[in-house]
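The values are calculated or read from the model by the stated rules, or taken from the named source; none is laboratory data. Quick caveat, the model's predicted, so the values are computed rather than measured. When we count neighbours, we look across all protein chains shown, and the Cβ atoms used for this are built from the backbone with ideal geometry, even at glycine.
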Amino acid sequence: MDTKIVHSNVTVGENGHLLFAGADTVSLAEKYGTPVFLLDDARVRTRVREYKEAMARNFGEGSMPLFASKSLSFKEIYRMMAEEGIGTDIVSSGELFTAVCAGFPMERAFFHGNNKTDFDISYAIEHRIGYFIVDSIEELTLIDEYAEKAGIRQKILLRLTPGIDPHTHQKISTGGVDSKFGSAIETGLAKKMTKAALSKQSVELCGFHCHIGSQIFEIEPYITAADIMLGFIADMREEFGFTAKILNLGGGFGVRYVESDPEINITANIDAIGAHVRALCAQKEIPLPTIYMEPGRSIVADAGMTLYTVGSVKEIEGFKNYVSIDGGMTDNPRYTLYQSAYTIRIANRADETADFCCTVGGRCCESGDLIQENVLLPKPKRGDILAVLVTGAYNYSMASNYNRVTKPPVVVLRDGEEILAVRRERFEDLVACDI
Ligand code: LLP
């Protein structure tokens, strides 16, 4: 019998407790307090290796995933990615600083963002960032200037918008012509940017980047993106005699949050993209570039779980039932922002019948602070441990201190041991910047 709940690292023990990566979640909640984020180390590494192996096999040595660390950023995660030998995508000096503190090799770091400040550019150059992914003409000019001052030739990729609608939530769709990110191929801006980059003395244009969006389950948008990008590469070769060495296809593979979501086969997807890219390169008579991808969610999402404690259970007769927990939009704003679906269980009674329909609400003074609506649970009571599954991506990294709520700790579960990777915030941390 298949006893997993959504993913194979979530099961129910003989004592009726929810197990995560083999560990008893009720004991973990007792030991670390709630809310607490758990991270299944083996799951993260399995996903990384899946990408790494499939990409090297399809695109040759040197091709690899760059972990999109906006999905989860703290020192230990950069150490894990460094150990696995892959790159990382960072989007701010704060993420860069965290990676530097973790000893992440900067030559494998790629600096993203649609509005890098002067400080971002000089700081990243000071730390000898591997690549900038250049988003605008202003940025290109500044990188050239700062690189010249530093006496280096800075490697860059240009971020392009291929003009694709990947059928995902509008707020996480980024590949359209009207996106705030990158330069559109369709309008001719991408070509102008290429020309400008090739004319700069202190930047080395290595290739191009695109990212069409996030939580994408279909393969077609990637195939279309690859077609358009390789077409552009062929055009630039003809137009300027420039042969791109690198093509970065971005991130975005979808993740199963609830039983009804499909589960993407990363290897099969990369094999399909790989076959297409190789055939297209042959057809267009261009050398196969080194291919990078930037997965975030599909590496860490199902490696994460959040545990909370149930507080009040309010039954509004004739309307709905509210179950309030000791966290909420401050550690997981995704329902509030995108109405994201989540799977929820009562961890200490995971084997009981779920027949109580309720809305799981957070503790903030905000009606929209909800984690999920219309959830079926065994009727919760104060003190129960509530587990929200698949919270590894864009939860801890999007956490806030709204209402001066402290951020939860992150406990990494590794080889049967627990590593406190991020301690719980203290009240002193809340006033650390206050004068
Ligand atoms: N590369 C670039 C340039 C990106 O903008 C992103 C995500 C990724 C890679 C990683 O995409 P992933 O593999 O994680 O789908 N906060 C939203 C997601 C925002 C995604 C932003 N960019 C959420 O919680 O769904």
Mind counting the residues in the stretch 256-311 that are within 30 Å of THR243 (Cα to Cα), acidic (Asp, Glu) and away from the ligand (no atom under 16 Å from the Cβ)?
2
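For (1) in contact (Cβ under 8 Å) with a residue 12 or more places away in the chain; (2) within 16 Å of the ligand (Cβ to nearest atom); (3) buried (at least 18 other Cβ atoms within 10 Å of the Cβ), each residue gets a yes or a no:
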| site | (1), (2), (3) |
| --- | --- |
| GLY60 | yes, no, no |
| MET81 | yes, yes, yes |
| THR98 | yes, no, yes |
| HIS127 | yes, no, no |
| TYR131 | yes, yes, yes |
| VAL134 | yes, yes, yes |
On the basis of being among the basic types (Lys, Arg) and closer than 21 Å to ALA225 by Cα, does ARG153 make the cut?
no
If you go through ARG424, ARG334, ARG414, ARG363, the only one that is among the charged types (D, E, K, R), within 16 Å of the ligand (Cβ to nearest atom) and not assigned by TED's automatic domain parsing to the domain that holds LYS75 is ARG334
Has the stretch 184-196 got any residue that is charged (D, E, K, R), over 24 Å from the mean Cα position of the chain (by Cα) and at pLDDT below 95?
yes
Close pairs from the stretch 382-410: first more than 19 Å from CYS364 (Cβ to Cβ) and within 15 Å of the ligand (Cβ to nearest atom), partner of a type in the set (Phe, Trp, Tyr) and at pLDDT 95 or above, Cβ under 6 Å, at least 6 apart:
VAL390/TYR257
Tell me the residue from ASP351, ASP326, ASP355, ASP369 that is in contact (Cβ under 8 Å) with a residue 12 or more places away in the chain, assigned by TED's automatic domain parsing to the domain that holds LEU28 and in contact with a helix residue (DSSP H, G or I) (Cβ under 8 Å, 6 or more places away or on another chain), please.
ASP369
Taking strands (runs of 3 or more DSSP E) that do not extend beyond the stretch 262-336, which have at least 2 residues that are within 22 Å of ARG237 (Cβ to Cβ) and touching a strand residue (DSSP E or B) at 6+ places or on another chain (Cβ under 8 Å)?
290-293
